[in-house]
Every structure is written in structure tokens, then in C-alpha cells.
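Below is a structure I'd like to ask you about.
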Amino acid sequence: MKEVNPDVAVLIAQAENSLEIIRQNFAFYNGFIANEYKSLGKSTISAMVLSQVFVDFYTCVETFMFRVSQEFENNLKKEQWHKDLLQKMSLLIPNIRPVLLSKTTSQLLSELLQFRHFRRYYFDFDYDWEKLELIERKYIQVQPLLIADFQNFISFLQEI
């Protein structure tokens, strides 16, 4: 039996857990769109639910990216560390790790990161549905790409 680095084994488990949460998040989103959204329409309640789905999704992804950073390079600038973290995850670091996120995935997630920062400090109930629908399109686009990126990274982790 191959000897496994315990830190890597934990990171694999965290990646798989993150994937499960991402899938649950998307299943919740699909269920909401198929059911409650049909009756609520473009209401404040719908906007709040969708906003929370997008924020939770990005937070889950960022948490795993942070764990990868802790394991492999752990050098984040204190100012704008969220943006720095996202940018680093699309970098190949020779002899350390492959990319976690493709450029396309990273670009789509960048929109969700910006939205999360906006949402964190937005307390009004008058949502901009054009912006929310843009974020929704990015969320839908990034879902399968992110899952593939995470699965590729898990394969890398299983090899080391």
C-alpha cells in the first residue's frame, strides 16, 4: 500500500467535501428556480435567496482555495488577499503544484468574488436584477468548469 502524506489526505477529503457542498448548492439553486421562483418572480425574497446562494457558493470555493494555499505556498498579501488568492489558484507553480483553476474558471469566479464583496455591504432591498442575472449566468457557467478543475486537482493530489 502506498504511503500517503496525512496533510495531502486531509486536503483530498476537503476537496471532496467542497465538491459535495458545491453540488448541494447547485441542487438547491435548481430547486428554488423550478419551484419557489416561479411563484415569487423577481421579488426581494428571490433576490435575497439567489444572492445568498451565490455568496455561499463562492465562500465554499474560496475556503478550499485557501486550504490549497496553506498547503503549497501560503504567501498571500494582507491587502486584497481574496483577489490575490483567486489569481494564484490559476497559476502553475513548477515543482510545487499544478493550477487549481483554469483561466476561464478564474475569470468567472472573479465576478462572483466581486459580487460577494458588494453583497457583504449592501443592505438595501432594491436589487438590481440585471446585475443579479449577470451573476446568475456566471454561476451557471462556472459550475461544471469548477467541478472539472477540482476533480483534476484531486487527481494530482492522489498522485503525490
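Do we find that Ile160 is within 23 Å of Asp7 (Cα to Cα), in contact with a helix residue (DSSP H, G or I) (Cβ under 7 Å, 6 or more places away or on another chain) and exposed (fewer than 13 other Cβ atoms within 10 Å of the Cβ) in this structure?
So Ile160 passes the test.
Filter segment 118-157 down to residues that are within 19 Å of Lys88 (Cα to Cα) and touching a helix residue (DSSP H, G or I) at 6+ places or on another chain (Cβ under 9 Å), then give me how many there are.
So the count comes out to 11.
Another one. Taking the stated definitions as given, is Arg119 within 20 Å of Asn152 (Cα to Cα) and touching a residue at least 40 places away in the same chain (Cβ under 8 Å)?
no
On to the next question. For segment 1-33, which positions are part of a helix (DSSP H, G or I) and of a type in the set (D, E, K, R)?
Within segment 1-33, Asp7, Glu16, Glu20, Arg23 meet the criteria.
Surrounded by fewer than 13 Cβ atoms within 10 Å (Cβ to Cβ) and closer than 21 Å to Gly41 by Cα, is that true of Arg137?
When the stated conditions are applied, Arg137 passes them.
If you check Ser18, Ser110, Ser106, which single one turns out to be more than 15 Å from Phe150 (Cα to Cα) and either at pLDDT 95 or above or of a type in the set (Asp, Glu) (or both)?
Only one candidate passes the filter, namely Ser110.
So the check is Cβ under 8 Å with 6+ separation or different chains; which pairs have a first residue in segment 145-160 that's more than 17 Å from Ser106 (Cβ to Cβ) and a second one that's in a helix (DSSP H, G or I) and of a type in the set (Asp, Glu)?
If the second residue must be in a helix (DSSP H, G or I) and of a type in the set (Asp, Glu), the pairs left are Ile154/Glu16.
For segment 13-32, enumerate the residues that are exposed (fewer than 15 other Cβ atoms within 10 Å of the Cβ) and among the hydrophobic types (A, V, I, L, M, F, W, C).
Ala13, Ala27
The values are calculated or read from the model by the stated rules, or taken from the named source; none is laboratory data. Since the structure is predicted, the reported quantities are computational estimates derived from the model, not experimental observations. Don't worry about glycine lacking a Cβ; one is built from the backbone with ideal geometry, like all the others, and counts go over all protein chains shown.
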